[in-house]
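Undergrad: The following block contains the structure, expressed as structure tokens.
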Amino acid sequence: MNAVYWIWGTTLAIITFVVVPLALHLLHRTLKAAMSIERYARESLTAGVGIANNTALAGYLIPVAYYLSRTAGHLTKLVSGLKAVRDNAAPLTGHLTNLGGGLTALRGELQAVDSRLGDAVEIFGR
């Protein structure tokens, strides 16, 4: 019976000192690998969401780019029109200065008439 106890004790010792530590070591490595896979999956999901958002934004940016290109054409025509107005209004510069001086003189005359009309209102208003 001593041989049975000896085999049984040796088996327990091998299980306790070899199999269990080896199993714990392998389980720890498996856990680390699973945690790395989870982290990479989370990063992949975040990147996928970012790609989806950018793709959705591109759908909105395409019409914006189209209308901006159309606006550029209209702005070119508008600039040409404004240059034509500037060129056509250039000869008016001297006339506008003379007109401004005349209106200033007329203002003084109109103020004098206004004060006389105010006097007439006072006289007839009594």
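Undergrad: In deg cm²/dmol, rounded to 500, what helix-only [θ] at 222 nm does the chain give when every DSSP H run of at least 4 residues adds -39500 (n - 2.57) and the total is split over its residues? Don't skip to the answer; put the middle values down first.
TA: Numbers: 3 runs with 116 residues, N = 126.
Taking each H run of at least 4 residues, the total per residue is -34000 deg cm²/dmol.
Undergrad: While we're here: Would you mind classifying the chain by shape? Square roots of the alpha carbon gyration tensor eigenvalues, ordered a ≥ b ≥ c; an a/c under 1.5 is rounded, otherwise it is prolate if a/b is larger than b/c and oblate if not. Don't jump to the answer; show the numbers that get you there.
TA: Values: a/c = 8.61, a/b = 3.89, b/c = 2.21.
Note, shape of the chain comes out prolate.
Undergrad: OK, next. Two decimals is fine: what's Rg over Rh for segment 31-88, C-alpha atoms, Kirkwood radius as Rh?
TA: Numbers: Rg = 24.6 Å, Rh = 15.6 Å.
Rg divided by Rh gives 1.58.
Undergrad: Further question on the same structure: Springs between alpha-carbon atoms under 10 Å, Gaussian network over the chain: tell me which of SER115, SER44, SER69 tops the mean-square fluctuations.
TA: Sorting by GNM fluctuation, first place goes to SER115.
Undergrad: Can I ask one more? Taking the Cα centre of the chain as origin, sum charge times position over the Cβ atoms of Lys and Arg (+1) and Asp and Glu (-1), and report the length of that vector in debye to the nearest 20. Walk me through the numbers before you get to the answer.
TA: Values: 11 positive and 7 negative charges, 100 e Å.
Charge dipole of the chain: 480 debye, to the nearest 20.
Undergrad: Tally Lys/Arg at +1 and Asp/Glu at -1 over every other residue whose Cβ is under 13 Å from the Cβ of VAL79; what's the total? All intermediate terms of the calculation are to be shown ahead of the outcome.
TA: Numbers: positive: LYS77, LYS83, ARG86; negative: ASP87.
Summing Lys and Arg as +1 and Asp and Glu as -1 gives +2.
Undergrad: ASN53 label point, 7 Å along Cα→Cβ, cut-off 11 Å on backbone N: hits in segment 27-46?
TA: 46, by backbone N distance to the label point.
Readers should treat all values here as calculations from the given coordinates under stated rules, not as data from a laboratory. All values reported here derive from a predicted model rather than from experimental measurement. As a convention, Cβ positions derive from the backbone with ideal geometry for all residues, glycine included, and neighbour counts pool all protein chains shown.
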